[in-house]
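Q: A single structure is presented below for examination.
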Amino acid sequence: MAPTPSVWLHRVKPAPSATLRLYAFPFAGGGASAYFPWAAHLDPRIELWAIRFPGRETRLREKPVSSFSEALARLRTELTPHLAPPFALMGHSLGAVFAYALTRELQASGRPGPRALILAGARPPVHPVPEPRLAPMPDGEFVAALRDRYNGIPPAVLANPELLALVLPTLRADIAVYESYQHSAGPEIRCPVAAFGGERDPLVSAADLADWRSLVAGPLTTRMFPGDHFFLQADPASAARASQEFLLSVS
């Protein structure tokens with residue numbers, strides 16, 4: 001019997017002949033639509049499914065989760081029945097931490113894990129975070145710090161107070177999720193891993209990507225792209241093709 005459809009998952013483009021499913025986690029404040037442009041650039045052998053957290057897009061009226069452990073537990077419950085092997089996981093920024101953490105949990109549980117893992121715009125979680133915490137800041141300081149650190153709030157949103165007020169609770173919750181993550185020692189990731197970064201990302205360097213080696217037992221591939229922290233959104237075609245090249249090389 002097929003599992004009950006989950007509001008946490010969006011099948012971006014059905015691919016009946018696919019031999020691999022790719023489950024993609026968005027950045028903080030993002031939703032499944034962050035990966036919609038990828039559909040035009042992926043080989044039919046890869047079927048893309050995007051994760052949609054509460055508090056955005058079609059789930060805008062739901063309260064966003066503000067704890068990493070709670071979000072991961074809910075992800076595990078919602079996604080595990082749909083993780084039909086062979087599959088791969090990928091994530092961008094906060095999404096990369098979720099993809100990494102879920103891979104560890106699947107390995108620990110003895111369930112089939114991903115064939116491959118793609119981590120974009122993320123430092124290894126064993127690194128201390130040098131930047132001040134954003135979640136406790138008042139709204140004005142929070143928005144300014146988020147803009148300066150990530151350049152992740154579109155100018156149209158910043159210029160529209162009503163729209164900014166609409167998205168602010170979700171942004172705050174996602175940053176609180178990211179800042180509540182606590183890494184614990186455990187087995188290394190066994191599957192092949194690709195770590196992608198932006199050449200002008202002030203937060204994640206090429207050296208940071210190489211440092212994923214301390215958490216990965218399998219092959220590790222690193223690659224830098226033109227752009228800042230949101231290099232995936234700046235050139236989705238290149239990001240999708242690079243992901244596809246990696247996935248097809250290891251599957």
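Q: Has segment 203-221 got at least one residue that is more than 19 Å from LEU94 (Cβ to Cβ), more than 17 Å from the chain's Cα centre (by Cα) and of a type in the set (Asp, Glu)?
A: Start the filter on segment 203-221 by keeping residues that are more than 19 Å from LEU94 (Cβ to Cβ), which leaves 206-207, 210, 213-214, 216-221.
So of that shortlist, the ones also more than 17 Å from the chain's Cα centre (by Cα) come out as 206-207, 210, 213-214, 216-221.
Going one step further and asking which of them are of a type in the set (Asp, Glu), we end up with none.
No, there is no match, as no residue in segment 203-221 is more than 19 Å from LEU94 (Cβ to Cβ), more than 17 Å from the chain's Cα centre (by Cα) and of a type in the set (Asp, Glu).
Q: Right, next: For segment 217-251, give me the residue count where each residue is acidic (Asp, Glu) and under 28 Å from ARG149 (Cβ atoms).
A: Residues meeting the conditions: 2.
To keep it simple, each residue is scored yes or no on (1) over 23 Å from PRO169 (Cα atoms); (2) modelled with pLDDT of 90 or more.
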| site | (1), (2) |
| --- | --- |
| PRO86 | yes, yes |
| TYR100 | yes, yes |
| PRO112 | yes, no |
| ILE118 | yes, yes |
| PRO124 | yes, yes |
| PRO132 | no, no |
| MET137 | no, yes |
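Q: Identify, by number, the condition in (1) in contact (Cβ under 8 Å) with a residue 24 or more places away in the chain; (2) more than 29 Å from LEU164 (Cβ to Cβ); (3) outside any helix (DSSP H, G or I) that LEU102 doesn't meet.
A: (3)
Q: Is it the case that ALA195 is in contact with a Phe, Trp or Tyr (Cβ under 6 Å, 6 or more places away or on another chain) and farther than 21 Å from PRO125 by Cβ?
A: Considered against the rule, which asks whether it is in contact with a Phe, Trp or Tyr (Cβ under 6 Å, 6 or more places away or on another chain) and farther than 21 Å from PRO125 by Cβ, ALA195 comes out as no.
Q: Right, another one. How many of the residues making up segment 21-41 are touching a Lys or Arg at 6+ places or on another chain (Cβ under 7 Å), of a type in the set (A, V, I, L, M, F, W, C) and either farther than 20 Å from PHE246 by Cα or buried (at least 23 other Cβ atoms within 10 Å of the Cβ) (or both)?
A: Matching residues across segment 21-41 total 1.
Q: Kindly provide the set of residues from segment 154-180 that are within 24 Å of PHE231 (Cα to Cα) and in contact (Cβ under 8 Å) with a residue 60 or more places away in the chain, ordered by number.
A: Within segment 154-180, VAL167, THR170, LEU171, ARG172, ALA173, ASP174, ILE175, ALA176, VAL177, TYR178 meet the criteria.
Q: For segment 15-69, how many residues meet the condition of being out of contact with any helix residue (DSSP H, G or I) (no Cβ under 6 Å at 6 or more places or on another chain) and in a loop (DSSP other than H, G, I, E, B)?
A: 14
Q: Could you please give the count of residues in segment 213-237 that are outside any loop (DSSP other than H, G, I, E, B) and small (Gly, Ala, Ser)?
A: First, the residues of segment 213-237 that are outside any loop (DSSP other than H, G, I, E, B): 213-216, 220-225, 231-234, 236-237.
With small (Gly, Ala, Ser) added as a condition, the list becomes 214, 234, 237.
The qualifying residues number 3.
Q: Please state which one of ALA32, ALA28 is without any contact (Cβ under 8 Å) to a residue 40 or more places away in the chain and within 17 Å of GLY91 (Cβ to Cβ).
A: Checking each option against the conditions leaves just ALA32.
The values are calculated or read from the model by the stated rules, or taken from the named source; none is laboratory data. All values derive from a computational prediction rather than experimental measurement. Methodologically, a virtual Cβ is constructed for each residue, glycine included, from the backbone with ideal geometry; neighbour enumeration extends over all protein chains shown.
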